[in-house]
Every structure is written in C-alpha cells, then in structure tokens.
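A.B. asks: Input: one structure, supplied below.
The values are calculated or read from the model by the stated rules, or taken from the named source; none is laboratory data. In this text, all values refer to a predicted model and were calculated from it rather than measured experimentally. Every residue, glycine among them, receives a Cβ derived from its backbone with ideal geometry; neighbour counts consider all protein chains shown. Please note that ligands, DNA and RNA were not included when accessible areas were found on the heavy atoms of the full protein model with its side chains. Shrake-Rupley method; radii C 1.70, N 1.55, O 1.52, S 1.80 Å.
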Amino acid sequence: MKNKFTVCVSVLLIMIGLMLSSSICTKAEAAGFALYEWSARGNALGGAMVAKADDPSALAWNPAGITQLLGTQVLAGISTIAPSNDVTTSYNGNSKKESINKKVFVPPHAYFTHQVNDSLWFGVGSFSRYGLGTSFDEDWSGRYSSYDTEINSFSVNPNMAYKINKYISIAAGFELMYVRADLRKKFDPTGTKNTATDVDQRIIVDNITPGFNAGIRVTPNDQWAIGFSYRSKMIHHATGSASYNVPTGISTATRFNDNDITMSMNTPNTFSFGLEYKPLTNLSFEADAIYSEWSAYSDISYDFAKTNSIGIKNYIAEKKWEDVWRFQFGVEYLPIEDLALRVGYVYDQSPIREGYEDYMLPSNDRQIVSTGLGYKFDNFVVDVSYMYLWMKDRTIAARPGTGVLDTKTANGLTHIVGLSLGYNF
C-alpha cells in the first residue's frame, strides 16, 4: 500500500505540473466567467454531481463525497471549448457585423483521493474555476473598449473528508488560485478613430489568492442523496505591467509610458445544492442549483505606479454584476455493469446588468444540452462527453467615453468535448 501511495503521489505531481504549464494558455467563454468543465462525466451530466459526488472529481463539486471512494484513486483529463459569437456595432448610422476570433481552449483537470482509514479521507484537486477569452481583430469597431481579453485561473485544492456515520459525511479544504490577466485595448489620442494613430495598451498581471471550501453529503437511504458545498469569495490583487505601443508622431510627454500596475477584483461566494434519486441501482437522476454572489464583482480597479501612464494614477471600471443561479440536471443509466450512458441539461443565468455590458464578455443567459458515456475495464475508467451551448442574443446601448457602441450580439454557440481517464489502485 505504501508503494502504491508513493506512486500515486508522484503521478499526481506530474499531472499538476502539466496542468500548470497548460493553464497559462487556458481561457474560455462563460456566463459570468465561471467554469464548470471539471470532468468528462460531470460535463455529460450537465454538472449534476453535487449530491452524487462518487468519483474523484467530487473534489471540485462536493469533496464530502470522496468518502465513497475506496483505496486510492486518480482521475485526469481535459475539455476542449470552441466558442463563436457574432457582434454587430453601430456608429454614426453605420452598422458593421464582426465575429469573435475562433479559437479552441483546453482547460485541464486532475484529482487524487486516498482513504486513510474507515472514517478519514484525503484528496487534492487541480482545476480551473474561472476563465475568460474574448478576442477580436485589432482594428475592429469596439477596439477602444477592448479587442483581446484573457483571464486564466488554476486552483490547487487539498481537502480532508470525514465519515461521521453511514448517513453523513463532511469535508473542508483550502484553495490556492493562480490568476493571470492579459488585457488589450486601443486609445484614440487624435480623436479621428484612425487605426494608423491608435495607441495600443497591454496590461499583464498575475497573483496567487487563498480561499477555502466546505461540503456535506447526507444519504438518508439507498435511493436518496443530498449534497451541499460552499466555496469562498476571493479578493485578488494582481501585479504586473502596463505597456504601450505608440505610433510615430504621438506625444508621450504626459501619457502612454510603460508603467507598473496593480489590478484588483473579487470573485464570488458560491453555494451548490444537489439532490439525487436512484429508483434502480443502475439508474439515477440528479437536480442541482448553484448560487453565485457575483455582486462581489462590483468593479475592477487599476492602480498605476506613476500618473503618466494614461494621464491618471487610478482607474475604476464599474461592473456592478448581480447574484445569479445556475440550474443543472443529469441522468445516468448503466445498461450493463461497466457501461454508463449519460445526458444533461443546464440553464445558466448571466450576472451582467443592463447598462454595464462591455466587450470583455459580450454574453447573456445560456443553455446547454450534454451527453456522454463511461466505461470501466479492470481498474481503469474512461469517460467522454459532448456539450452544445447556445446563448441568448443581447442588445447593448452605447456608453460614451467607454468605447462601447450600440451593439447587438447573436449566434452565440459553443461546442465542448471532454475526456477523462482514471485509475483505481
């Protein structure tokens, strides 16, 4: 057992290292910018895993569930996310239809659980909880608000879980989240909206922020399971640089000089509730609800080390997002012992208030349908999934001085394919 445990820890450390290196280029579009692609099985079930929580990805959904896992188990994989969205802007009576640049983003996940004794379990998960990637051509109409936005996150989340009795399990853990932002926009120093005289700004910042989480799982009988998990609000203060590419002939005497910067923002408290019903041993239904307090994301603060960057030392971009719900439903059926068939559905509310939209995240309420399957052979597990996401169209009113024009978004679609591989020691 000791040798197996050592091997598992070594494998996990390798997976975390691979994830850390790949997470630096991970970004994805979401309602808000929360991510829930934490395993292929979870994806196939629409994320309905809070009460079920019976594989190593429970560390992301509800770590109290790992008390169901015997021995030592590992699970790792990726989701590939391919979003698209059309944006039509209007200015001075002229309309122009443009699209976000099509890219494929690949958030990874990895989990390790170990049963210490009959009552105590340890686990560590590594996954992405937040991500944002919205990219347009540099000369697009809304470039004075934003033309390329990238926010990446990567969490390492150790947990301890305790089985009080056969009905109740609890868990608690702490989280270290690495966040990196790369934000790009243009300035119009001449007031002519001429791309030849545009000043290009790039802000790159990063930091590591601590947080904590807790969970409980209750099984009153063999047919029903109830789950609840909580993840704390995080207060991010990321430091880095603001740099400028200034065309010849544009004065930099009082503006557009490279500068150190601190960017501050908050990510929300989240509360997840789940209810699972198993009418048969090979058939389960689960309904979940996730409440995110996005009102914590009230603004992004930019603090420059010197006043001669954009003519001011401090700038606050108001967001004033609102608290929202995500509802998810999943069905899992095993026609034979080692084969699982899965479907899911998600309705995800957007937290972006009318009057505070921008091009960093031109999104709205979204829905997802999902499917997938899992197969076990010997001690191995393979899960695959597909999700189809569509987003409600949105009309955005121009806000003078922000670079946001009269805008309509349409055809917001995303394809998500997931793969997870697991092994039970």
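A.B. asks: Return the distance in nm (one decimal) between the two label points of a simple spin-label model at Phe174 and Tyr347, each offset 7 Å from Cα along Cα→Cβ.
C.D. replies: About 4.0 nm, to one decimal.
A.B. asks: Can I ask one more? Could you pull out the pairs from Lys193/Lys306; Lys52/Lys166; Lys103/Lys185; Lys97/Lys193; Lys103/Lys313; Lys320/Lys392 whose alpha carbons sit more than 25 Å apart here?
C.D. replies: Lys193/Lys306; Lys103/Lys313
A.B. asks: Out of the trypsin sites (Lys or Arg not before Pro) in region 233-325, which ones are loop residues according to DSSP with at most 14 other C-beta atoms within 10 Å?
C.D. replies: Lys233, Lys306, Lys313, Lys320
A.B. asks: When the chain is fully extended, how far beyond the present Cα-Cα distance does Leu280 get from Lys233, taking 0.36 nm per residue of separation?
C.D. replies: 13.1 nm
A.B. asks: Kindly report the accessible area of the chain per residue (heavy atoms of protein chains, probe 1.4 Å, no ligands, DNA or RNA), in Å².
C.D. replies: 42
A.B. asks: Show me, for region 192-202, the HN-Hα J-couplings you get by feeding each phi into the Karplus relation (A = 6.51, B = -1.76, C = 1.60, θ = phi - 60°), rounded to Hz, glycine and proline as x.
C.D. replies: 9, 6, 9, 4, 5, 10, 5, 9, 9, 10, 10
A.B. asks: If I build a Gaussian network model for the chain, linking alpha-carbon pairs within less than 10 angstrom, which residue out of Ile203, Ile300, Ile261 has the largest mean-square fluctuation?
C.D. replies: Ile300
A.B. asks: Give me the aspartates and glutamates in straight-line cross-link reach of Lys163: C-alpha distance below 20 Å, same-chain residues under 8 apart excluded.
C.D. replies: Hits, sequence-local ones excluded: Asp54, Asp55, Asp118, Asp222, Glu276.
A.B. asks: Here's a follow-up. Calculate how steeply helix 2-23 sits against the longest principal axis of the alpha-carbon atoms of the chain, using the helix alpha-carbon long axis, and give the answer as 0 to 90 degrees to the nearest 10.
C.D. replies: 20
A.B. asks: Ranked highest first by the average count of other Cβ atoms within 10 Å around their residues, in what order do 389-401, 169-181 fall?
C.D. replies: Ranked from most to least packed, the peptides come out as 169-181, 389-401.
A.B. asks: Still on this model: Sticking with the crude label model, points 7 Å out along Cα→Cβ, report the distance from Thr248 to Lys103 in nm, one decimal please.
C.D. replies: With each label placed 7 Å out from Cα toward Cβ, I get 3.1 nm.
A.B. asks: Still on this structure: Counting only protein heavy atoms, what percent of the accessible surface of the chain is carbon or sulfur at a 1.4 Å probe?
C.D. replies: 58
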